[in-house]
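Reviewing the structure listed below.
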Amino acid sequence: MHLILSILDIYSLVVFVAALSTWVDAERKHPVSRFLDQLTEPALRPIRRLLPRMAGFDISPFVLILLIQVLRSLLLRL
């Protein structure tokens with residue numbers, strides 16, 4: 001169980017760093033940016049389909065982190 005919780009924590013951090021990289025206008029062709037996109041896009045894409053952009057702002061990373069934290073809380077109760 002500890003391993004799963006650690007993976008969820010690390011993935012939340014990856015999502016956060018990926019979101020930050022888009023805000024600071026990081027080079028999208030940089031290998032680190034591409035790696036972060038490969039890790040996060042499969043989870044973010046379905047959320048983006050459901051949620052419209054709010055004033056041009058993509059809130060899907062926040063939603064994903066919230067969902068991960070809910071899942072983490074549920075796992076802690078087991």
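The values are calculated or read from the model by the stated rules, or taken from the named source; none is laboratory data. All values derive from a computational prediction rather than experimental measurement. All Cβ positions, glycine included, derive from the backbone under ideal geometry; neighbour counts span all protein chains shown.
Any residue that is in a helix (DSSP H, G or I), over 10 Å from the mean Cα position of the chain (by Cα) and of a type in the set (Asp, Glu) - is there at least one of those in segment 11-26?
Taking segment 11-26 as the starting set, the residues that turn out to be in a helix (DSSP H, G or I) are 11-23.
Okay, now just the ones that are also over 10 Å from the mean Cα position of the chain (by Cα), so 20-23.
Then keep just the ones that are of a type in the set (Asp, Glu); that gives none.
The answer is no, given that none of the residues of segment 11-26 is in a helix (DSSP H, G or I), over 10 Å from the mean Cα position of the chain (by Cα) and of a type in the set (Asp, Glu).
Taking segment 48-67 on its own, how many of its residues are exposed (fewer than 10 other Cβ atoms within 10 Å of the Cβ) and within 27 Å of LEU5 (Cβ to Cβ)? So that I can check it myself, show each step before the final result.
Filtering segment 48-67 for residues exposed (fewer than 10 other Cβ atoms within 10 Å of the Cβ) gives 49-50, 52, 54-57.
From the residues that got through so far, the ones that are within 27 Å of LEU5 (Cβ to Cβ) too are 50.
The total comes to 1.
Which pairs have Cβ atoms under 8 Å, sit 6 or more apart or on different chains, and link a residue in segment 4-17 that is more than 11 Å from THR40 (Cβ to Cβ) and among the β-branched types (Val, Ile, Thr) to one that is at pLDDT 95 or above and part of a helix (DSSP H, G or I)?
ILE4/LEU75
Of the residues LEU71, LEU67, which single one is aliphatic (A, V, I, L, M), closer than 15 Å to LEU8 by Cβ, modelled with pLDDT of 95 or more and under 10 Å from the mean Cα position of the chain (by Cα)?
Working: LEU71 fails: under 10 Å from the mean Cα position of the chain (by Cα).
The match here is LEU67.
Would you point out the residue of segment 26-47, among those that are loosely packed, with under 13 Cβ neighbours inside 10 Å and either touching a Cys at 6+ places or on another chain (Cβ under 6 Å) or of a type in the set (A, V, I, L, M, F, W, C) (or both), that is modelled with the lowest pLDDT?
Filtering segment 26-47 for residues that are loosely packed, with under 13 Cβ neighbours inside 10 Å and either touching a Cys at 6+ places or on another chain (Cβ under 6 Å) or of a type in the set (A, V, I, L, M, F, W, C) (or both), the one modelled with the lowest pLDDT comes out as VAL32.
Scan (1) surrounded by 10 or more Cβ atoms within 10 Å (Cβ to Cβ); (2) assigned to a loop (DSSP other than H, G, I, E, B) for the single condition LEU78 breaks and write down its number.
(1)
Quick one: how many residues across segment 9-25 are surrounded by 15 or more Cβ atoms within 10 Å (Cβ to Cβ) and either in contact with a His (Cβ under 8 Å, 6 or more places away or on another chain) or modelled with pLDDT under 90 (or both)?
Of the residues in that region, 1 qualify.
Please identify the pairs in which a residue from segment 23-46 that is under 19 Å from ILE65 (Cβ atoms) has its Cβ atom under 8 Å from the Cβ atom of a residue that is among the basic types (Lys, Arg), counting only partners at least 6 apart or on another chain.
ASP37/ARG28
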